[in-house]
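First up is the structure itself, then whatever we jot down about it.
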Amino acid sequence: MIVKCPNCPAQLKLDDGIENNLKNLPVGKTIKIQCGNCKETFSLSETVVAGGGQGAFEKDARRKAPQLAVRPPGAPSLDWLTRGVVDEDKNIDGVPRALVLFPDIKEKKELIKSVEDLGYQVEEAVSVEEALSVMYFASYSLVFMHTDYEKGDLENSQFHNYMCSLPMSRRRNIFYVLVGDNCTTMYDLEALTLSVNLTVNSREVKYISILLRKAIPEYEELFGAWMEELRLAGK
């Protein structure tokens, strides 16, 4: 199901989990989602499913929108209360998020521990489909992908190609790290060729904390002022 963000021109594809939550919502209740394009949140109600998606959502939004300059946020969904689930929204305000896309190898635990020690909230995606879904709705400061995360070579990687196709207004805010047995650690030319911010050989994952402490400040020193100018210009 596809709905249009009321805050920007983006059209968002709802995943099965959100659609199921909508179907089970009590009458008059809403859930909130975040637009992957403008990062604004907005509310959806059960009428989106019952009325056939986009058209019903737009009519419902127009009917319910108060005539105020600033719209107050909708009431939070309490569906987790009856199910006893408290971890559906894992985002913690003010804590940067990192996404780790690794096969089940020993280096994954090393990486996660090191990144958490740096103050990041680490999340994983067990499949490419899940990874693409969470990237669509969430904002990550760091993304790590191992070259063995998907079958086949990097050129045919769904996730890597997705990252390469992101609009620069979003891509420049993500520090994308590629890890692999054939990667050369801190080799800028290789990183540039592969359209990533940093390459790390699997053997050097244990040093990821030191590598990030060096690479991220260098990236911000080189592009920080330019990125701030673009942000102020609304680009």
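The values are calculated or read from the model by the stated rules, or taken from the named source; none is laboratory data. Being a predicted model, the structure only gives us computed values, none of them experimental. Neighbour counts run over all protein chains shown; Cβ positions are idealised from the backbone, glycine included.
Within the range 162-198, being part of a helix (DSSP H, G or I) and either closer than 17 Å to G36 by Cα or of a type in the set (F, W, Y) (or both) holds for Y162, M163, C164, S165, M168, S169, R170, R171. Summed over the range 168-193, residues that are aliphatic (A, V, I, L, M) and either outside the structural domain of E150 (by TED's automatic domain parsing) or out of contact with any strand residue (DSSP E or B) (no Cβ under 6 Å at 6 or more places or on another chain) (or both) total 4. Of D188, D181, all but one fail to be of a type in the set (D, E) and closer than 17 Å to F102 by Cα; the exception is D181. Which residue is surrounded by the most Cβ atoms within 10 Å (Cβ to Cβ), if the candidates are limited to the range 1-19 and must be within 15 Å of T30 (Cα to Cα) and of a type in the set (V, I, T)? Among residues in the range 1-19 that are within 15 Å of T30 (Cα to Cα) and of a type in the set (V, I, T), the one surrounded by the most Cβ atoms within 10 Å (Cβ to Cβ) is V3.
Conditions tested, residue by residue: (1) farther than 29 Å from T41 by Cα; (2) of a type in the set (S, T, Y).
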position	(1), (2)
V143	no, no
G152	yes, no
Y162	no, yes
M186	yes, no
T193	yes, yes
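Taking the residues in the range 177-193 that are crowded, with 19+ Cβ neighbours inside 10 Å and of a type in the set (A, V, I, L, M) as candidates, determine which candidate is nearest to D104 (Cα to Cα). Ranking the candidates gives V179 first.
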